[in-house]
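Participant: This is the structure I have questions about; it appears just below.
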Number of protein chains: 2
Amino acid sequence: MPPSPAPRVTPRRQATRDRVLEAASEVFAERGFHGASVEDICERAGFTRGAFYSNFSSKDDLVLELSTRHAQALVDRIRSAASRPEASPEDVLTDVFASLADEPLRKDRWLVLTTEFTLHAIRDAKARTAWAEQQRRIRDALIAVVDETVDQRGITLPMPTEIFVRAAMALANGSMTQQLVEPGSLDAGELERTVLPVLLGLG
Amino acid sequence: MPPSPAPRVTPRRQATRDRVLEAASEVFAERGFHGASVEDICERAGFTRGAFYSNFSSKDDLVLELSTRHAQALVDRIRSAASRPEASPEDVLTDVFASLADEPLRKDRWLVLTTEFTLHAIRDAKARTAWAEQQRRIRDALIAVVDETVDQRGITLPMPTEIFVRAAMALANGSMTQQLVEPGSLDAGELERTVLPVLLGLG
């Protein structure tokens with residue numbers, strides 16, 4: 001995925017950003033996106049508001065940055081799983097699912113936060129523009145890595161790659177939501193493991 | 001779908017319930033699930049709180065009843081589309097998509113409301129139990145009508161029907177969400193029209 005417009009980021013600045021994002025992630029999980037204030041996040045991170053605003057323009061900006069990192073980690077995993085040329089598409093999927101199972105950013109937290117932010121974006125034009133742009137960037141990065149992976153293996157998808165990626169994103173969200181609403185009714189990843197091979201034409 | 005436990009409902013009582021649900025649907029759309037109070041809904045419907053509570057136990061109850069009606073309408077549409085024995089599975093899908101396009105309950109409103117309620121259910125144990133039970137009922141009703149439709153036509157799905165139904169629900173939600181966040185980036189129903197035939201093994 002194209003990184004966000006890349007300012008020169010010193011290691012010290014990077015460490016500050018990491019600490020704020022980590023604190024934000026915790027506070028969002030505890031209080032929800034709307035319930036968490038910039039003050040709460042600064043207090044948790046041990047930074048002043050000044051330090052916050054020299055790194056991020058708003059609370060929305062934090063979610064966008066967390067989302068960029070989340071998507072980049074996913075793209076890296078797919079690329080790494082696909083890097084062995086002898087790996088079949090099924091092997092690549094199996095590897096990606098296995099690495100997703102160790103997801104460091106807790107997936108239930110992440111689902112709740114992105115769902116809250118999506119509702120916020122539907123109601124707020126500025127957030128919607130930013131979130132739409134972010135979704136497009138994530139999708140483009142995923143389309144590129146999926147195309148690369150299937151091209152290397154001479155596979156033809158039964159649908160445009162963009163539709164496959166949109167469907168995979170919808171499935172991942174829906175699967176996580178169903179697990180949170182009905183714990184135990186569906187094994188983690190079961191929906192994706194069953195459905196994605198069919199969407200890839202491996203069925 | 002099995003209707004909710006069926007008390008004897010007189011026409012007058014039914015009319016009251018319909019009016020409250022209609023008012024609730026409007027007020028939820030304007031103020032969000034959390035922003036809408038029972039008082040707001042009573043005022044819009046022109047009923048007293050007494051009339052409200054003799055019909056519904058809570059605001060949550062309204063969403064559950066709206067959801068039952070919404071799901072019943074979908075099941076009826078599938079059953080009606082599948083009722084012509086000469087209709088191919090593709091014809092049934094085309095008919096269902098066409099009738100969904102005339103959806104009377106506005107789909108964008110409905111997506112926002114169910115998304116809000118899902119977040120509420122993830123945080124509130126009582127709502128979660130009710131919403132989980134509701135999701136299971138809806139899924140069971142959809143599984144029954146899909147099984148009926150594919151059995152009549154001698155089709156074997158490439159996955160368990162339950163997984164197909166879960167995937168279809170996730171796709172419908174994801175598609176609507178993507179349309180609301182990125183208006184114009186995806187035609188209404190395009191994701192479902194492209195992906196569902198593949199999931200049904202018609203690809």
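The values are calculated or read from the model by the stated rules, or taken from the named source; none is laboratory data. Computed from a predicted structure; not experimentally measured. Backbone-built Cβ (ideal geometry, glycine too); neighbour counts: all protein chains shown. The protein model used for the area step is the full one, side chains on, heavy atoms only, and it has no ligands, DNA or RNA in it. Shrake-Rupley method; radii C 1.70, N 1.55, O 1.52, S 1.80 Å.
Participant: Counting partner chain Cβ atoms within 10 Å of every residue's Cβ in A:167-178, what's the average?
Facilitator: Rounded to a whole number, the mean comes out at 6.
Participant: When you take every Cα atom in the protein assembly as shown, what is the radius of gyration, and what is Dmax, the widest Cα pair distance, in Å?
Facilitator: 22.7, 72
Participant: With each pseudo-label sitting 7 Å past Cα toward Cβ, what's the A:LEU202-B:LEU157 distance in nm, one decimal?
Facilitator: 2.1 nm
Participant: Shortest first and in nm with one decimal, please list how far the A:ARG12 label point sits from its counterparts in the other copies (point 7 Å along Cα→Cβ).
Facilitator: 7.9
Participant: Which whole number gives the average count of other chain Cβ atoms within 10 Å of the Cβ atoms across peptide B:191-198?
Facilitator: For this peptide, the per-residue mean of nearby foreign Cβ atoms is 6.
Participant: While we're on this one: Determine the sum of side-chain charges near A:LEU186: Lys and Arg each +1, Asp and Glu each -1, restricted to other residues whose C-beta is under 10 angstrom from that of A:LEU186.
Facilitator: My count for the surroundings of A:LEU186 gives -3.
Participant: Relative to the longest principal Cα axis of chain A, at what angle does helix A:190-199 sit, 0 to 90 degrees, rounded to 10?
Facilitator: Compared with the principal axis, the helix lies near 60 degrees.
Participant: What is the mean number of Cβ atoms from other protein chains located within 10 Å of the Cβ atom of each residue in peptide B:158-164, rounded to a whole number?
Facilitator: Mean shielding by partner chains, rounded to a whole number: 4.
Participant: Run the 1.4 Å probe and let me know the accessible area of A:MET169, rounded to the nearest 10 Å².
Facilitator: Approximately 50 Å² of A:MET169 is accessible to the 1.4 Å probe.
Participant: How do the peptides B:125-135, B:109-119, A:11-21 rank, highest first, by the average count of neighbouring beta carbon atoms within 10 Å per residue?
Facilitator: Put in order of decreasing packing, that is B:109-119, B:125-135, A:11-21.
Participant: Going by alpha carbons, how many degrees (0 to 90, nearest 10) lie between the helix axis of A:107-123 and the longest principal axis of chain A?
Facilitator: 70 degrees
Participant: At B:ASP76, with labels set 7 Å past Cα in the Cβ direction, how many nm apart are the copies from this one, shortest first?
Facilitator: Relative to the other copies, B:ASP76 has label-point distances of 5.3 nm.
Participant: Then there is this: Where a ≥ b ≥ c are the square roots of the eigenvalues of the C-alpha gyration tensor, would you call region A:18-83 rounded, which needs a/c under 1.5, or, failing that, prolate if a/b is larger than b/c, or oblate?
Facilitator: Cα axes put region A:18-83 in the prolate bin.
Participant: How large a share of the accessible area of chain A, in percent, is made up of carbon and sulfur atoms when the probe is 1.4 Å and the other protein chains stay in place?
Facilitator: 53 percent
Participant: Report the accessible surface area buried between chains B and A, summing both sides, using a 1.4 Å probe on protein heavy atoms only, in Å² rounded to the nearest 100.
Facilitator: Buried area between the two chains comes out at roughly 3100 Å².
Participant: Ok, one more. Ignoring ligands, DNA and RNA, what accessible area per residue does the protein assembly as shown give at 1.4 Å, in Å²?
Facilitator: For the protein assembly as shown, the per-residue accessible area is 48 Å².
Participant: I would also like to ask the following. Given an 8 Å cut-off on Cα distances and at least 6 residues of separation, report the relative contact order of region A:10-56 as a percent.
Facilitator: Across region A:10-56, relative contact order equals 38 percent.
Participant: Still on this structure, I have one more. Round to the nearest 10 and give me the degree value, 0 to 90, for the angle of helix B:161-181's Cα axis relative to the longest principal axis of chain B.
Facilitator: Long axis of B:161-181 versus the principal axis of chain B: about 70 degrees.
Participant: Given label points at 7 Å from Cα along Cα→Cβ, what nm distances, shortest first, separate B:GLY50 from the same residue in every other copy?
Facilitator: Here the equivalent label points are 6.3 nm apart from this one.
Participant: Restricting to DSSP H runs of at least four residues, report the calculated mean residue ellipticity at 222 nm for chain B, -39500 (n - 2.57) per run over all residues, nearest 500 deg cm²/dmol.
Facilitator: It comes out at -25000 deg cm²/dmol, rounded to the nearest 500.
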